[in-house]
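Undergrad: The structure's right below; bear with me while I get my questions together.
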Amino acid sequence: MTDTDINKNNKAHGLTENEYNNILKILNGRKPNNLELGIFDVMWSEHCSYKSSKKWLKTLPTKAPWVICGPGENAGVIDVGDNLAIIFKMESHNHPSFIEPYQGAATGVGGILRDVFTMGARPIANMNALRFGDINHKKTKHLLSGVISGIGGYGNCVGVPTVGGEVNFHKSYNGNILVNAMTVGLADKNKIFYSAASGVGNPVIYVGSKTGKDGIHGATMASAEFDDNTEEKRPTVQVGDPFTEKLLIEACLELMATDSIIAIQDMGAAGLTCSTFEMCSKGGTGIELNLDNVPVREKDMSAYDIMLSESQERMLMVVKPEKEELARSIFKKWELDFSVIGYLTDTKKMVLLKNGKEVANLPIDPLAEESPEYDRPWVFKPEEQEIKKYNFDSIHWTKALKILNTCPDLVSREWIWTQYDHMVMGDTIQRPGGDAAVVRIHNSNKAIAITTDTTPRYVSANAYEGGKQAVAESFRNLCSVGATPLAITDNLNFGNPEKPNIMGQLVKSIEGIGIACKELEMPVVSGNVSLYNETDGEAIQPTPTIGAVGLIESIDNMITMGFKNPDDPVFLIGGNNNFNKGWLGQSLFAREVFEREEGAPPNVNLQLEKLNGNFIKRIINKKLINSCHDISDGGIAICLLEMSMTSSIGFTLEIDSGVTNAWLFGEDQGRYIITCENAMSSTIIDLAKKNKISMFKIGSTGGKYISFSRNEKIYLDELKNDNKDWLTNYMSNN
Amino acid sequence: MKSAVIVFPGSNCDRDIAVTLSKVTGKKPLMIWHNENVIPKGIDLIVLPGGFTYGDYLRSGAIASTSKIISEVKNKANKGVAILGVCNGFQILTESGLLSGILLPNKNLKFICKDVHLRVEENNSVFTKLFKLNEIITIPIAHHDGNYFVTEEELNILKDKNLIALRYCNPSGEVNIDSNPNGSIENIAGVFSSNKRVLGMMPHPERLADIKLGGIEGLKFFEGLLEGFS
């Protein structure tokens, strides 16, 4: 190649000039061949190397006595007692899902499942967090329909329940939707599998599907912005085969029970390249691979294609030599490819052979560990003022409630979750639609509560408070069902980090997440960063999604949000009794009713958050209350409406002085609504006083209507019909 | 009662049904891999569980219906052994000719997972004997291809011989288009073989067989079988 050719080739890859010069240094001046260049390119892509975010991710709290394995492995691992561990992670598949929604979303689910069962866990639940463009945008229906079918199509077939998630709509995602998928698995605490390869001479084994020409350069594609030619990138999207994934899960778990595996790693982004480098880099070994032994789908696959393919449902393992035949027989039973493709060496180099010739020879450590790390410039300019003065009481609460009740962000998600098998495996104790999904630990009386949360409009206005809020809301959702929050996984979706304001969003939201995780004792154990979520220079709202996991010690104490009886007293926890006040900056009420997307988001007081959350947990576990719901989008009013609609039991506000819309719809943080039987009231009130918790009665359950002011009401049937069928109607109208 | 569960590549409700069978009978069912030839003597109930056998990449249940074990299942059916096919198991039973009809993609072409109401149309069988005739029960469905179709001729036979086991209905028991989740002909959710020893049903009785999961109406199918075989 001439120098100009190399320059062109660089650009065809995603490398910068500096990065290319660094490669020359690593290779002692030797120019890399095309295959080697391709390998550097994917390894150093934003997607694989975290080069823009690494510096900041290091600041996150990752430790707690119950953390078995933090970030850096395929997924995070926490101890849940009884010799059991929960393994979980969330990962984005944004770019592929925009290009090809069904396969993009499906392979997103497949990839995250593999991250979890690679470590020895049987996946027990899938969750997701999805963002689509404006509901009126021409692509939204097509993308929503494809993504939901894709998530369902994959998860339903592998037989892992999809138990919940969140879906929101905003115009900033018109050209760049977000698909964040999370898997939670259950493992024997003493049988966790890691990726560090060891034992010179040990066989390196390829199992699963054959390698095809799909997804080549997927990681590079996911590290660049979109433009009008995005459709041309369809060949970089992989195609999923959930049936093979199901077989792979069963085969891997069967082999894992036999004490044969030394190291195991799934082939995800950057396929065979990334998995071999990670295994060797962590284990301090070298590797020699004969690419002629890689099972391929078609004849004329080049070394380049084989190394960079992102074909799905493939794993790489190092097994004990004496267990090779046992392993082979298990994979044969499950009708999966099994091929010894190489051996570990002591050279700390990766040597690739094809047709008997050496086609690449690269040092492991510089590639895997000394990848670029950038300290990109950033600015942070949070909104200061809550919201411009305005007469927010110019609309009657009945009208405002009806508007919010049918706003796309609050309508029933039933159209979505009925397409997910959310019951398979027979342990779904709390189905989709509650504050958190609850999945029983098989054969026990314990359960895992799971939630995914973030409020991008808050992050957009103040990334620091927004980062805190995302963690705080996940904490609240877990407390609301009676769980003890344990740890989180974070999926950070942002625009182009080379722009200082976007970099500022990333830096400050990580800072916010970090402080909240520390204060609320939920360390970050795994995560994923997705940058360059922009189309034609327009960035998405910053979306740091938090996936959180908590433990319920006894499912008999679990709480749901629906009211349980008529005539139960209803209490506000953590709220204020100045009925003229409420935080309207960045509220859904201001946005949906007054078309005002402005102001500062509500502050999160982490000490109060913790105090109130712990109080909620205590009264749930003492069986003092019969329903609980945290207050978030739409404030007190929407919280009460959801509790009513879920149970078909109405509510009447009993505040003599009357209340303002700000109090009803404001989005102040750290609050919950609870109900109890009348006889329990005084015990709870005493307990609240003792613990310095703000708690007072705001009304009673009963009737078939919602009433927030004397003699004014809306019937539940009407509200329910509007809310329940909205999405179904929207999707069926062309 | 001794039971066996057939496991195919891609079965995914095999564990769920095993949990329910263990709970009801006090014994773990025998799990039989699809390429076995023999189902041992003395098995009273054979279950074909839900899932996506072979990914259902051809017609649902079509590839599984050609498995080695299916010839043995047919032998057992001829001998009158009780056979229950749930969801994908029902699809395998129609594809293998043990039950009449076929299961087409749902009318809305989407996967549907939710609780539905069913009316028990025939209680004179080893599977449904504990139900009252026309009893309304709640059981979840979870399928993409549950749209039951059968020729008019065969439908008449099903009706004449009381071989329709379950129909989708609303909470008050009315069978109509609004209570039909998937487009099944005459709201049919489950059918018997001519001797009523084989039952195929799209709803999953094992999914509401535990109060913690929201209900136990599914248990009655298995408790009825237990009564019949002990």
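Undergrad: Above 17 Å lies some portion of the pair distances; for the range B:154-230, what is it as a whole percent of all C-alpha pairs?
TA: More than 17 Å apart: 56 percent of the Cα pairs in the range B:154-230.
Undergrad: When Cβ neighbours within 10 Å are restricted to other protein chains, what is their mean count per residue of peptide A:409-422? Before the final figure, lay out each step's value.
TA: Numbers: counts 0, 0, 0, 0, 0, 1, 1, 0, 2, 8, 7, 3, 12, 4.
Partner Cβ neighbours, averaged per residue: 3.
Undergrad: How large is the dipole of chain A about the Cα centre if only Lys and Arg carry +1 and Asp and Glu carry -1, each at its Cβ, rounded to the nearest 20 debye?
TA: 1140 debye
Undergrad: Considering the range A:432-481, what Rg and Dmax in Å follow from its alpha-carbon atoms?
TA: Rg then Dmax for the range A:432-481, in Å: 13.6, 46.
Undergrad: Let me ask something additional. Test of understanding: ordering A:H396, A:H47 by Cβ neighbours within 10 Å, fewest first, what list do you get?
TA: Lowest count first: A:H396, A:H47.
Undergrad: For B:A189, list long-range residues whose amide hydrogen, built 1.01 Å from N in the peptide plane, is under 5 Å from its own amide hydrogen.
TA: Residues meeting the criterion, in which the H sits 1.01 Å from N, are B:L166, B:R167, B:Y168.
Undergrad: Mind jotting down the three principal axis lengths of the range A:307-421 based on Cα atoms? Whole angstrom, largest first.
TA: Result for the range A:307-421: principal-axis Cα extents of 79, 46, 26 Å.
Undergrad: Right, another one. With 20 Å as the limit, write out which pairs from A:K623/A:K690; A:K51/A:K499; A:K58/A:K189; B:K23/B:K212 have Cα-Cα distances beyond it, or answer none.
TA: A:K58/A:K189
Undergrad: Using just the C-alpha positions of the range B:126-178 as equal point scatterers, what log10 of I(q)/I(0) does the Debye formula give at each q in 0.19, 0.28, 0.31 1/Å?
TA: For the range B:126-178 at q = 0.19, 0.28, 0.31 Å⁻¹, log10 I(q)/I(0) is -0.92, -1.28, -1.24.
Undergrad: At a Cα cut-off below 17 Å, give the aspartates and glutamates reachable from B:K132, other chains included and same-chain residues fewer than 8 away excluded.
TA: Correct list for B:K132: B:E121, B:E122, B:E174, B:E217, B:E223, B:E227.
Undergrad: Still on this structure: I'd like the mean, over residues of A:625-637, of how many other protein chain beta carbons sit within 10 Å of each residue's own Cβ.
TA: Values: counts 0, 0, 0, 0, 0, 0, 0, 0, 0, 0, 0, 0, 0.
The shielding value for this peptide is 0.
Undergrad: Near A:K354, which aspartates and glutamates are there with a Cα under 18 Å away, not counting those fewer than 8 places off in the same chain?
TA: Partners within reach: A:E36, A:E288, A:D292, A:E298, A:D300, A:D305.
Undergrad: If each residue's Cβ is checked for other Cβ atoms within 10 Å, how do B:L45, A:L478, B:L103 rank with the fewest at the top?
TA: Numbers: B:L45 23, A:L478 33, B:L103 28.
Fewest-to-most ranking of B:L45, A:L478, B:L103: B:L45, B:L103, A:L478.
Undergrad: Now a separate question. Where does helix A:242-256 land angle-wise versus the long Cα axis of chain A, in degrees 0 to 90, nearest 10?
TA: So the inclination is approximately 80 degrees.
Undergrad: For the range B:3-229, what is the largest minus smallest coordinate of the Cα atoms on each principal axis, given in angstrom and ordered from greatest to least?
TA: Sorted from largest, the Cα extents of the range B:3-229 read 43, 36, 34 Å.
Undergrad: Hey, another quick one. Can you bin every Cα-Cα distance in the range A:403-465 into 10 Å intervals starting at zero and give me the percent of pairs per bin, rounded to whole numbers?
TA: With 10 Å bins starting at 0, P(r) equals 18, 35, 29, 16, 2.
Undergrad: If we count other beta carbons within 10 Å of each Cβ, what is the order of A:K508, B:K132, A:K623, fewest first? Could you put the intermediate results ahead of the total?
TA: On the way: A:K508 23, B:K132 10, A:K623 13.
Sorted ascending by nearby Cβ count, the order is B:K132, A:K623, A:K508.
Undergrad: Of A:K139/B:K114; B:K129/B:K220; A:K246/B:K28, which pairs sit farther than 18 Å apart, going by alpha carbon to alpha carbon?
TA: Going by Cα-Cα distance, A:K139/B:K114; A:K246/B:K28 fall outside the 18 Å limit.
Undergrad: Next question, about the same structure. Please report, in Å, the Rg and the Dmax of the range B:112-214, where both are computed over Cα atoms only.
TA: 13.0, 43
Undergrad: For chain A, report the translational diffusion coefficient in µm²/s to the nearest whole number, using Stokes-Einstein at 10 °C, 1.306 mPa s, and a Kirkwood Rh over Cα pairs. Show your work: numbers first, answer last.
TA: Values: Rh = 26.4 Å.
Estimated via Stokes-Einstein, D reaches 60 µm²/s.
Undergrad: Sticking with this structure for a sec: Order the peptides B:76-86, A:333-343 from the highest to the lowest mean number of other Cβ atoms within 10 Å of their residues.
TA: Numbers: B:76-86: 20.2, A:333-343: 18.3.
The most tightly packed comes first, giving B:76-86, A:333-343.
Rule-based calculations on the coordinates, nothing more; no lab input. None of the values given here were measured: they were computed from a predicted structure. Using ideal geometry, Cβ is built from the backbone for each residue, glycine included, and neighbour counts are taken over all protein chains shown.
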